[in-house]
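Here the structure is laid out as C-alpha cells; the discussion comes afterwards.
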Amino acid sequence: MQVYKWPSPKRAHFSENKPKRAQISNNKKKHKKYSSLLFMVHPFGCFLSGILQGKLGKKRCMIIANVPSIVGWALLYSAESSTFLCASTLLMGFSTGFGPGSTSSYVGEISEPRLRGSLSSLGSTATRVGTLLTYVLGSFFGWRTVAMLSAICPIVCICLIVIIPESPVWLVAKGKNDKAEKAMCWLRGWVEPEMVRHEFLELIHYNEVSGTRGSKGHVEKKKGLLAKLAEFKEPSVYRPMKLMMALFFVSNVVSLFHTRPFITKIMTNIYIVDNQNELLVILTALTGLGSIIATVSVHRVGKRVLTFTTLSVNIVMLMSLGVYIIATKDNIIEPLPSVSLTLLSCIYFIGACGISCMPWMLLIEIFPNKSRGIATSMCTALAYIILFSLTKSYLSIEIYLSLEYTMILFGCIGLIGLIYFYFSLPETENKTLLEIEEYFATN
C-alpha cells in the first residue's frame, strides 16, 4: 500500500517559486545582454571611422555618424518588441563609436594651440550635460517622448556640420590648397587670406614633414589598410598609443566611471538609502560642472598639473572611502550618510575636473598627421573595450574583495598611474602638432 506524503511547507514554497526565480534570473541575463549591445558595437564603428576618414574626410564622417543615431532614436520611439530595442541600441552604439574618432581629429586639426585643450574638453562636457538633460527630461516626460526629443539633437548636428568647412589639414593632404586656404580663412573668423598666410604655409610644411605630402607638393599615393596598420610600429604612433591606453584605464578607475551602472548599489552599501534618484541627478550635475572647470582651467594651468592634481586628490578620496567603510563595519565610528555622500561627490566632481577629461583632450593632438585618423579611431575603440571590460568585471571584483578593499585597490591603481604619468606624460598645452609629433618620434 502506497502512502501519500504531504509536502512540507518549505518544500511547497520552494516548488511554487522555483519557476518564478528562474524567470527572474533569465530576465536579468537578457537585461545584461541587452545593455552590453551598446558597448559591443562601439569598436566596429571606431574602426570603420578610421578607415573612411582618409578617403571621405572628417566632415563627411561626422555627418555619417549622426545618421544611425537618428534611425536608432526613431526605432526606440516606435519600439513594440525587443527586436526594435536591440536594433536601436546597435545603431546608436555604432553611431557613438563612429563619431568620436572623426570629431576628435577634426577639432585637433582646426584648433590653434592655445585653444586646442579647451575645445577638446567640450566633448566630455557635452556628454555629461546631455546625460543630465536626459535625466531631467525623463522626470517630466515618458521614455517615448524623451526618445523623440533626443532625435532632434543629431538632426541639428547635421545641419550645423554642413555649414562648417572641411579640415584644412585633410584638404592640403589631398592637394586642394585653394579650398584649404578658404577653409582656414573661415575658421579664423572670415578673414582675408593675408591674415592666415603664415599659418597656412606652416600647415603645408607640417603636411610635408609628417609624410602626407611629398616634398614637391604632390599628393602621396593611397595606402591600403595593411599599410596603415603597419604605421603602428613607428615610435610616433605606438608610444602615444601606449600612453593613451594607460590614461583611459586609470581615468576610468579613479573617477569610478565604470561603476555608474551600479551606483545605487554602491550608495546603499555606504549607507545612502534615501533620495537616490535625486542624488544621481546631483552627481551627474557635479560631473558636468567639473568638465566646465576643466575646459576653463586647462589653458591656464596646463595638462600635466591638471592631471597630477585631480589624480592625487581622487587617490586620497578613494583610499579615505575604503578606510571609512572598514571603520564603520568594525564599529569604530558610526556610519554617517553625509560623510559617504561627501566622499562620493568629491570623487565624481574632482575626477571630472581633470583626469577623466584628460584622455579626450590628448586624443586629438597626440598622434601624427599621417596616422591620426586610423590611430584616433583605434584608440577610441580600445577605450570602449577597456570601459566595457571594467564595467563587466566590477561586480566580480567587489564580491571577491568587498567594497572597501575595492576602493583601496582603485586608489592603488591610481597611485601607480600617477608615477607612470610623471615620467611619460608630456606637456602638450600651447604646443603645435608638429612639436608634439617630434617629441614622441625622438624621445
Quick one: which helices (runs of 4 or more DSSP H) lie wholly within segment 330-443 and hold at least 1 residues that are charged (D, E, K, R) and surrounded by fewer than 16 Cβ atoms within 10 Å (Cβ to Cβ)?
372-401, 433-442
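Each row is one residue, and each column tells you yes or no for (1) more than 19 Å from L415 (Cβ to Cβ); (2) of a type outside the set (F, W, Y); (3) at pLDDT 95 or above; (4) touching a Lys or Arg at 6+ places or on another chain (Cβ under 7 Å).
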residue	(1), (2), (3), (4)
L306	no, yes, no, no
I315	no, yes, yes, no
G322	no, yes, no, no
A327	yes, yes, no, no
I333	yes, yes, no, no
V339	yes, yes, no, no
I355	no, yes, no, no
Within segment 382-393, can one find any residue that is in contact (Cβ under 8 Å) with a residue 60 or more places away in the chain and farther than 22 Å from K242 by Cβ?
yes
V313 vs. criteria buried (at least 17 other Cβ atoms within 10 Å of the Cβ), closer than 27 Å to T268 by Cβ and touching a Cys at 6+ places or on another chain (Cβ under 8 Å)
yes
Quick one: in segment 52-66, which of the residues that are open to solvent by less than 40 Å² (accessible area, probe 1.4 Å) and part of a helix (DSSP H, G or I) is farthest from Y106 (Cα to Cα)?
N66
Matching option when the condition is under 21 Å from the mean Cα position of the chain (by Cα) and touching a residue at least 60 places away in the same chain (Cβ under 8 Å), among G97, G130
G97
When the residues of segment 135-159 are narrowed to those that are modelled with pLDDT under 85 and within 22 Å of the chain's Cα centre (by Cα), which ends up farthest from S69 (Cα to Cα)?
V136
Which residue out of N207, N177, N252, N269 is open to solvent by less than 40 Å² (accessible area, probe 1.4 Å), modelled with pLDDT under 90 and either among the polar types (S, T, N, Q) or closer than 28 Å to M92 by Cβ (or both)?
N207
Mind listing just one residue for me: the one in segment 272-309 that is farther than 18 Å from L425 by Cα and among the charged types (D, E, K, R) and, of those, surrounded by the most Cβ atoms within 10 Å (Cβ to Cβ)?
E278
Which residues, taken from segment 135-174, are of a type in the set (S, T, N, Q) and either at positive phi or loosely packed, with under 14 Cβ neighbours inside 10 Å (or both)?
S139, T145
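The values are calculated or read from the model by the stated rules, or taken from the named source; none is laboratory data. Not measured: the values here are computed from a predicted model. With ideal geometry, Cβ positions are generated from the backbone for all residues, glycine too; neighbour counts draw on all protein chains shown. Surface areas here come from the heavy atoms of the whole protein model, side chains and all, with no ligands, DNA or RNA. Shrake-Rupley method; radii C 1.70, N 1.55, O 1.52, S 1.80 Å.
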